[in-house]
Amino acid sequence: MKIAVIPGTNRAGALSQRLGEVVAACYAELGHEVDLFDLKTMGPEFLEPTAYKEQPPAVTALVERFVAADGVHFIVPEYNGSFPGVVKLLIDMLPYPAGLDKRPCAYIGLAAGQFQGLRAVEALQGVTGYRMAYQYPRRVFIGNSFKQFDEAGLSDEDLASRVTAQCVGFAEFITEVGGKAAKTLE
Ligand SMILES: Cc1cc2nc3c(=O)[nH]c(=O)nc-3n(C[C@H](O)[C@H](O)[C@H](O)COP(=O)(O)O)c2cc1C
């Protein structure tokens with residue numbers, strides 16, 4: 001199966017991107033096809049006022065990658081008590097209802113602070129749930145983000161094993177409930 005891993009920020013040097021690499025490696029190890037997004041590639045075309053109606057090719061290209069995924073694993077950094085605006089912009093560019101309808105989604109919250117990304121994940125789930133995504137119930141929350149990584153990935157073994165268990169479980173969830181979301185823009 002094909003899983004899109006989406007670190008939810010365009011911040012240079014973001015730890016979410018690093019965590020995305022860990023999650024992508026986990027799916028690859030499990031034998032799945034992975035598409036690791038990098039939202040730094042979302043250029044000024046995404047802000048063109050006409051982009052909603054006449055999508056620039058760069059926008060369509062990213063949207064097509066999203067829609068091609070059997071499941072989407074969001075890494076959700078907490079910015080100002082919510083998820084970053086660049087993720088909402090991506091979601092606003094998705095076709096309706098094909099973008100999220102019946103598409104399995106999983107979430108990891110990542111924050112510097114004590115709320116561990118809970119607020120950010122729940123805010124994003126409010127949006128994806130409204131758009132009828134299939135929510136994978138096992139979520140992972142990571143606080144104190146700047147102390148959680150070493151060169152190999154997540155430094156805390158228990159945390160690393162919870163992320164692995166989430167990936168294994170999400171792939172099973174996709175097998176059980178997936179396959180109903182649109183896979184192309186037509
Ligand atoms: C614009 C901005 C707002 C942030 N707001 C919060 C916040 O409300 N709560 C928090 O715990 N951390 C906050 N952070 C810190 C991030 O959660 C932290 O950098 C974490 O590693 C995830 O973001 P990253 O992927 O950009 O590294 C903020 C960071 C930025 C850049």
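The values are calculated or read from the model by the stated rules, or taken from the named source; none is laboratory data. These numbers were taken from a predicted model, which means no experiment stands behind them. Virtual Cβ from ideal backbone geometry, glycine too; neighbours counted across all protein chains shown. Accessible surface is based on the protein model in full, side chains and every heavy atom, while ligands, DNA and RNA are left aside. Shrake-Rupley method; radii C 1.70, N 1.55, O 1.52, S 1.80 Å.
Could you please find all residues in segment 100-127 being closer than 17 Å to Thr9 by Cα and assigned to a helix (DSSP H, G or I)?
Leu118, Arg119, Ala120, Val121, Glu122, Ala123, Leu124, Gln125, Val127
Here is a list of conditions, (1) touching a Ser or Thr at 6+ places or on another chain (Cβ under 8 Å); (2) over 16 Å from Leu19 (Cα atoms); (3) within 16 Å of the ligand (Cβ to nearest atom), and Ile91 meets all of them except one; can you say which number that is?
The number of the failed condition is (3).
Of a type outside the set (Lys, Arg) and either within 16 Å of the ligand (Cβ to nearest atom) or under 19 Å from Ile3 (Cα atoms) (or both): is that true of Leu47 in this structure? Reasoning before the result, please.
Numbers: of a type outside the set (Lys, Arg): yes; either within 16 Å of the ligand (Cβ to nearest atom) or under 19 Å from Ile3 (Cα atoms) (or both): no.
No, not satisfied.
Filter segment 137-159 down to residues that are surrounded by 13 or more Cβ atoms within 10 Å (Cβ to Cβ) and either in contact (Cβ under 8 Å) with a residue 60 or more places away in the chain or β-branched (Val, Ile, Thr) (or both), then give me how many there are.
Qualifying residue count for the region: 7.
Would you mention how many residues in segment 101-117 are in contact (Cβ under 8 Å) with a residue 40 or more places away in the chain and either within 16 Å of the ligand (Cβ to nearest atom) or surrounded by 24 or more Cβ atoms within 10 Å (Cβ to Cβ) (or both)?
Matching residues across segment 101-117 total 6.
Just need a number here: residues in segment 160-186 that are in a loop (DSSP other than H, G, I, E, B), surrounded by 14 or more Cβ atoms within 10 Å (Cβ to Cβ) and among the β-branched types (Val, Ile, Thr).
Residues meeting the conditions: 0.
Hey, any hits in segment 27-41 for a residue that's of a type in the set (Gly, Ala, Ser), open to solvent by 40 Å² or more (accessible area, probe 1.4 Å), at pLDDT 95 or above and under 30 Å from Ala165 (Cβ atoms)?
Scanning segment 27-41 turns up at least one residue that is of a type in the set (Gly, Ala, Ser), open to solvent by 40 Å² or more (accessible area, probe 1.4 Å), at pLDDT 95 or above and under 30 Å from Ala165 (Cβ atoms).
Condition first: within 16 Å of the ligand (Cβ to nearest atom) and among the charged types (D, E, K, R). Now tell me which residues in segment 137-181 satisfy that.
Residues satisfying the conditions are Arg139, Lys147, Asp150, Asp156.
Of all the residues that make up segment 18-32, how many are touching a residue at least 40 places away in the same chain (Cβ under 8 Å) and either under 21 Å from Glu78 (Cβ atoms) or part of a helix (DSSP H, G or I) (or both)?
9
In segment 119-130, what residues are over 14 Å from the mean Cα position of the chain (by Cα) and buried (at least 17 other Cβ atoms within 10 Å of the Cβ)?
Arg119
Please enumerate the residues belonging to segment 45-99 that are touching a residue at least 60 places away in the same chain (Cβ under 8 Å), hydrophobic (A, V, I, L, M, F, W, C) and either touching a helix residue (DSSP H, G or I) at 6+ places or on another chain (Cβ under 6 Å) or in a loop (DSSP other than H, G, I, E, B) (or both).
Val63, Ala68, Ala69, Ile75, Val76, Phe83, Val86, Ala98
Could you list, in sequence order, the residues of segment 1-44 that are within 10 Å of the ligand (Cβ to nearest atom) and aliphatic (A, V, I, L, M)?
Ala12, Ala14, Leu15, Leu19
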